[in-house]
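Below you'll find the structure, written out as structure tokens, and then a few comments.
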Number of protein chains: 2
Amino acid sequence: MTAVEKYNARVEKINSLVCVGLDTAEFPQFEFNRRIIDQTAKFAAAYKLNIAFYESHGEAGLAELKKTMDYLRATYPEIFTICDAKRGDIGHTNEKYAKAIFDYLGFDAVTLHPYLGREALEPFLNRADKAAIILCKTSNLGGGELQDLQISGNPLWRVLAEKVFKDWNTNGNCMLVVGGTYPKELAEIRKIVGDMTLLVPGIGVQGGDVRAVCEAGLNSQKYGLIINSSRGIIFADDPGAAARKLRDEINEYR
Amino acid sequence: MTAVEKYNARVEKINSLVCVGLDTAEFPQFEFNRRIIDQTAKFAAAYKLNIAFYESHGEAGLAELKKTMDYLRATYPEIFTICDAKRGDIGHTNEKYAKAIFDYLGFDAVTLHPYLGREALEPFLNRADKAAIILCKTSNLGGGELQDLQISGNPLWRVLAEKVFKDWNTNGNCMLVVGGTYPKELAEIRKIVGDMTLLVPGIGVQGGDVRAVCEAGLNSQKYGLIINSSRGIIFADDPGAAARKLRDEINEYR
């Protein structure tokens, strides 16, 4: 089963497009994460772990990340796991990152920077069993500074979406990151990439609107989105209820 | 003393623009690194540690990285240290990376992806004591796929160099990565960025030519370059001799 098939199977089984972002600020993180995971797993199609929150605590933080992943894989092996690492180096180095993230930590997917081009990302793209999630139109306010630059009348993010769809996705394992704060661009990207799965951060604290995201981004099967909420779920008084509420809100528009 | 001043002081003191890239493949890495460092320190203006080579060994690898940095800072505190991490996330997350790389590991500088724009990189740019080294024109063969896209007749890398010089460098702590495999572009970037320091990887195994790099990239003081060699030094029979040879070769053209 490929990573994309794993995600779709999970979506189908629990009827949810929710991704819970384990951007855990407190330390040590594993006990906190286990509690959040156990409370939200029923509603979670995916978990996204932002590696920066763990690296900032040095090797002890990385150990907490590994324990979280070991727990997830042992206890909830059907749930799709994303390492939000935003990596991207030359090929020789990307082999090391792929080894760290896919093999050592055991993630199903990783987020990647496109700036070095397809050739550099081959160590990720060649892993047909895993998903390569390329940054396209990011959720942050200043993301347009480079991403909106016009190439013969088309913004860079659109040129990139076309490249990924046509040239980078040979193994059918590419996805794109499109911020939930940009539903208009999300709709345009959906037209370019067919039924490709899109990771949508920026819901909640960052201001993205669930209805606008669903109307703009669902694919022809009413799938094709991984809708992430981090702070809105993990810092809620009842994380399980918050995840269920987001799942239900999304499903209203599916 | 700012990071840029630290680098320039070291260059002046030992008359060298050489950066030794500790892309150490064997594990554990610290003993190997200590040997290389002790053999090359006399000729090294900087050390660059590619974090992927350590992360690929999990928390044990990160511990080797930390030990290497602790040794460098205690034993050779005047040598400039670069974390080749190619990071770049939204601001909230970049704060975590800055903490990990500058404060926990203690590096003087970090390499960064520009794709999310200046606003996202503020947690790095605001650290006036540290250097933010932005990827501009990378050394890899396929780097042009995005970087050479034309924006009103100018390639993306040139538009970015102008942005960094004019808008991102408020604290005087920005540098750019320009691959040694692209001396023509290096010369053009030098014209745009004044005396800004440029990190030049790609010498040696990747095919960059030292003479072409120096002729294209030196600034008005015959400084302004951090010329990195990794595999060409650390895998040499005599790493010290290899570092000295590179220093001398560079100085021929200064």
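Please treat every number below as a calculation from the coordinates, not as lab data. Predicted, not measured: the structure shown is a model, and the values here were computed from it. With ideal geometry, Cβ positions are generated from the backbone for all residues, glycine too; neighbour counts draw on all protein chains shown.
Numbers below:
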quantity: Chain B: relative contact order as a whole-number percent, Cα under 8 Å and 6+ apart; calculated: 21 percent
quantity: The protein assembly as shown, helix-only ellipticity at 222 nm - DSSP H runs n ≥ 4, -39,500 (n - 2.57), divided by all residues, nearest 500; calculated: -12000 deg cm²/dmol
quantity: Inter-copy separations for B:Ala187, label at 7 Å along Cα-Cβ, nm, ascending; calculated: 4.9
quantity: Copy-to-copy label separations for A:Met1, where each label sits 7 Å from Cα toward Cβ, in nm and ascending; calculated: 5.7
quantity: Segment B:88-167: proportion of alpha-carbon pairs further apart than 19 angstrom, %; calculated: 40 percent
quantity: Order of B:Arg87, B:Arg73 under a 10 Å beta carbon neighbour criterion, fewest first; calculated: B:Arg73, B:Arg87
quantity: Exam field: B:Ser220 pseudo-label spacings to other copies (7 Å along Cα-Cβ), nanometres; calculated: 6.1
quantity: Centre separation in Å (Cα based) which lies between segment B:1-38 and segment A:173-222; calculated: 44 Å
quantity: Hydrodynamic radius (Kirkwood) for the protein assembly as shown, which is based on Cα pairs only, to one decimal in Å; calculated: 23.0 Å
quantity: Spatial separation of Cα centroids for segment B:45-87 and segment A:87-132, in angstrom; calculated: 21 Å
quantity: Segment B:46-146: projected area of the alpha-carbon convex hull, averaged over directions, in nm²; calculated: 6.9 nm²
quantity: For A:Leu141, A:Leu125, order by how many other beta-carbon atoms lie within 10 Å, fewest first; calculated: A:Leu141, A:Leu125
quantity: Residue-averaged beta-carbon neighbours from other chains (10 angstrom radius) around A:114-124; calculated: 5
quantity: Restraint check, A:Lys222/B:Lys99; A:Lys184/B:Lys99; A:Lys66/A:Lys130; B:Lys184/B:Lys245; B:Lys66/B:Lys222, Cα-Cα greater than 29 Å; calculated: A:Lys222/B:Lys99; A:Lys184/B:Lys99; B:Lys66/B:Lys222
quantity: Space enclosed by the convex hull of the alpha-carbon atoms of chain A, per residue, Å³; calculated: 115 Å³
quantity: P(r), alpha carbons of segment B:110-254 - 5 Å bins starting at zero, rounded %; calculated: 2, 10, 19, 22, 19, 15, 9, 4, 1, 0
quantity: Gained length - A:Ile151 relative to A:Glu5, 0.36 nm times residue gap less alpha-carbon distance; calculated: 49.1 nm
quantity: Links that overshoot a 20 Å alpha carbon limit, given the list A:Lys86/B:Lys96; A:Lys191/B:Lys137; B:Lys48/B:Lys166; calculated: A:Lys191/B:Lys137; B:Lys48/B:Lys166
quantity: Order of A:Ser152, A:Ser230, B:Ser16 - criterion: other Cβ atoms within 10 Å of each residue's Cβ, fewest first; calculated: A:Ser152, B:Ser16, A:Ser230
